[in-house]
């Protein structure tokens, strides 16, 4: 255990979060997502896991140490519901609430079509798979920056 570090953030996830740079993306995905296949094409090249039951818990853990990119509108994205792209599933609404709380403002999740989401996830720095059983528990987060001291 580490002081002030969410216990869901295991050593592999912490390594990846630290190694990421400004603008790099990560995908937090549900149990149904083809994580192994997509992760092989990511920058890290292997699947990471956060063994939690919900996407929201994993997103909360990640955002406890990583800022979102405030320079772009799509720093937080969700997989769109097939056939109803504007519908926000409960799992996505939970992630939205976590993101808003972490960032201290409303930060709407940008919808990404399912196959476009897979393509974008392949270009991500890493894929973090959870045990989330609900459909559409897939979120992409873009890493921001920490300002220098005194800025």
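Rule-based calculations on the coordinates, nothing more; no lab input. The structure displayed is predicted, hence computed values, not measured ones. Here Cβ is always computed from backbone atoms with ideal geometry, including for glycine, and neighbour counts include all displayed protein chains.
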Query raised in the report: Over region 23-142, what is the mean sequence separation of C-alpha contacts under 8 Å (at least six apart), divided by residue count, expressed as relative contact order in percent?
Result: 54 percent
Report summary line: Expected unfolding gain across residue 84-residue 65 under the 0.36 nm per residue rule, minus the alpha-carbon gap, is 3.5 nm
Query raised in the report: To two decimal places, what compactness ratio does region 47-105 give when its Cα radius of gyration is scaled by 2.2 N^0.38 Å?
Result: 1.19
Query raised in the report: Per the Kirkwood treatment, what hydrodynamic radius in Å, one decimal, follows for region 1-57 from the mean inverse distance over all distinct Cα pairs?
Result: 12.6 Å
Query raised in the report: For the pair residue 114 and residue 19, what calculated FRET efficiency results from E = 1/(1 + (r/R0)^6), where r is the Cβ-Cβ distance and R0 = 25 Å, to the nearest 0.05?
Result: 0.35
Report summary line: Kirkwood radius from Cα pairs of region 88-151 plugged into Stokes-Einstein at 37 °C, 0.692 mPa s, gives D in µm²/s equal to 240 µm²/s
Query raised in the report: Taking neighbour Cβ counts within 10 Å as the exposure measure, how do 105, 3, 142 sort from fewest upward?
Result: 3, 105, 142
Query raised in the report: Dividing the convex hull volume of the alpha carbon atoms of the chain by its residue count, what do you get in Å³ per residue?
Result: 108 Å³
